[in-house]
1. Once phi is turned into ³J(HN,Hα) by the Karplus curve 6.51 cos²θ - 1.76 cosθ + 1.60 with θ = phi - 60°, what whole-Hz value does each residue of the range 101-106 show in order, with x for glycine and proline?
2. So between MET178 and ASN134, what do we pick up on full extension, going 0.36 nm a residue minus the alpha carbon distance?
3. Just how much of HIS197 is accessible, in Å², when a 1.4 Å probe is used and the result is rounded to the nearest 10?
4. Leaving ligands and nucleic acids out of the surface, order TRP266, TRP205, TRP168 by accessible area at 1.4 Å, largest first.
5. Just to make sure I understand: if all protein chains stay in place, what is the order of LYS36, LYS265, LYS59 by accessible area at 1.4 Å, largest first?
6. Round to the nearest 10 and report in Å² the accessible area of THR115, as given by a 1.4 Å probe over the protein chains' heavy atoms.
7. Amide H neighbours of LEU80 under 5 Å, at least 5 residues apart or on other chains, H built in the peptide plane: list them.
8. What does the charge count near VAL51 come to, summing +1 for each Lys or Arg and -1 for each Asp or Glu among other residues with Cβ under 12 Å from its Cβ?
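The values are calculated or read from the model by the stated rules, or taken from the named source; none is laboratory data. The structure presented is a predicted model; accordingly, all values stated were derived computationally and were not measured. We place every Cβ from the backbone using ideal geometry, glycine too, and count neighbours over all the protein chains shown. With ligands, DNA and RNA removed, areas are computed over all heavy atoms of the protein, side chains included. Shrake-Rupley method; radii C 1.70, N 1.55, O 1.52, S 1.80 Å.
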Amino acid sequence: MQFHSEGGLELLSRFREKPRSINLDDVLFSTDIDNKSVIEIVGASSTGKTVLLCQFIAKCILPARYKGIKIDGCDACAILINTLGHVQMSKIAELMTSTIRNAYQVANVQPPAETVDYIINRSLENLTVISCCNNNQLQLILHTLEDEFLSNGKITLLAIDNILAYYWQARKENILTMNYYATGLLKIIQSQTSQFHTVTVYTRWDGPVPTYESYAKCIDTLERTGVNYKLQLSKGTRIREFMCHVQSTNDVKQICYTISDSGIKWIR
């Protein structure tokens, strides 16, 4: 019997064979997202930051198809670093249920409850949840991300809720701004994941409500922070209506949306 021992170069080559883009949302992103992009979700309380993060996770781990039905998931794996405990698995399952039922409705088929549960349970196997309760734990988790990616070549999404959760703990030890702290964490993440094709998406506390900025200034801001897509969520002028201000190196736009139990619905 012959055995094959995989060397380090072979291992890295296998990881680099992963798809180089991912479709997380057709409305927000005009094209598929490069698998080394960073997405920032920022907004006030109750504007849907965590809901949107959960939608990205659900989209990532759901299958593309199931027995001929187009589910339109990415059929990939994700890691969630849950700093504040805001993300509940029940919410991700609820969003997946809505996506699956909508997919079957488009196909004019009524799915049995057992089928929906099976797809959800199989999809959740693609999600690794890492909880932490202080800044030291968060730093340790980020410094060991490479091990997680080496153990699972299908990881395509790294999600963090909330990247500024332990800022005030770090603030006691050093005088630093929130942006400086967040940028420092992103540098750790990039050092650990640079050899893998992975999208990083995180939520953070509210920033200033966006005002009109030139396209060149938007690009400059993104390049300085290391963020490829900034999604600024805010309350709209109408009751129960919200606004997403999208900034990227390719586009600047605003999209209205509503929030319900089935997630965020974009108003085109």
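1. Listing the rounded values in order: 5, 5, 5, 5, 5, 4 Hz.
2. Working: separation 44, 0.36 × 44 = 15.84 nm, distance 1.61 nm.
Working it through step by step, the gained length comes to 14.2 nm.
3. HIS197 has an accessible surface of roughly 10 Å² with all protein chains in place.
4. Details: TRP266 35, TRP205 80, TRP168 145 Å².
So, going from the largest accessible area down, we get TRP168, TRP205, TRP266.
5. Details: LYS36 100, LYS265 140, LYS59 35 Å².
Highest to lowest solvent-accessible surface, that is LYS265, LYS36, LYS59.
6. 30
7. THR128, VAL129, ILE130, ALA159
8. Net charge around VAL51: 0.
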